[in-house]
Amino acid sequence: MAVESIDIPLGSPMPHFRLADPFGTVTDSANFKEKKGVLVAFLCNHCPYAQAIWPRFIRLGAYAQDHGIAVVAINPNINPEYPDDAPEEMVKRIKDWKIPFPYLVDESQNVARAFQAQCTPDIYLFDHTHRLVYHGRIDDNWKDETKVTRHELKEAIDALLNGTQFPPVQYPSMGCSIKWRST
């Protein structure tokens, strides 16, 4: 069943995180202080919504990185009931898709909870002070890239880089619910 991201007030601070990728390389958000912004996406391997936008997110992530924005994807679905999202499978995706930014393992799901992430994908863009400036979908057609007419995340990245107005209406992301483990 598809769910939508929730409304989080713009200007909210980015939660601190320190996570490793499946190779053991640690990424600490405290190291992003010199960046123009931070783009964070909660994604996974198995969800059809995430699968559909991964190629677009990889391209946008590379674009953002080229312009001084830190980019990370975080997998909150480390759950034995979803083996396609296991770290070993993430390694395959990183190599096959040539993901140019960290794809991190949120095994405890604490980072997803801190961000109030609801679905995969759930996308956040923070400015250089680590305040939320965009929380929404990648574009207006998750399913078919050839039918996209509005590139909302790209518009938000460009607004951040150019110091211009952010999209006044930010539509929620939609995707598979995060596969929360019972605690």
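Going 7 Å from the Cα of Lys95 along its beta-carbon direction, which residues of region 21-47 have the amide nitrogen within less than 14 Å of the resulting point? Within reach of a label on Lys95: 22-23.
Contact order, relative form, for the chain: 32 percent (alpha carbon pairs under 8 Å, 6 or more residues apart, mean separation divided by residue count).
Please build a GNM for the chain, connecting alpha carbons under 10 Å apart, and tell me which residue among Gln51, Gln165, Gln65 fluctuates the most. Ranking Gln51, Gln165, Gln65 by mean-square fluctuation puts Gln165 first. Can you return the lysines within cross-link range of Lys92? Criterion is Cα-Cα under 28 Å, with same-chain partners fewer than 8 residues away left out. Partners found: Lys143, Lys154, Lys179. The order of the peptides 115-125, 92-102, 140-150 by mean Cβ neighbours within 10 Å, most packed first, is 115-125, 92-102, 140-150. How large is log10 I(q)/I(0) at q = 0.14 Å⁻¹ when the Debye formula is applied to the Cα atoms of the chain, each weighted equally and without solvent? Normalising to I(0) and taking log10 leaves -0.69. For the pair region 1-49 and region 71-144, the centres of their Cα atoms are 6 angstrom apart. Which one, Tyr82, Tyr134, Tyr103, has the greatest fluctuation when you compute a Gaussian network model over the chain with C-alpha springs under 10 angstrom? Maximum among the listed residues: Tyr82. Result for the chain in a Gaussian network model with C-alpha springs under 10 Å: among Glu89, Glu152, Glu107, the largest mean-square fluctuation is at Glu89.
All of the numbers you see were taken from the coordinates with simple rules; none came from a lab. Since this is a predicted model, take the numbers as computed values, not measurements. So basically every Cβ, Gly included, is an ideal-geometry build from the backbone, and we count neighbours across all protein chains shown.
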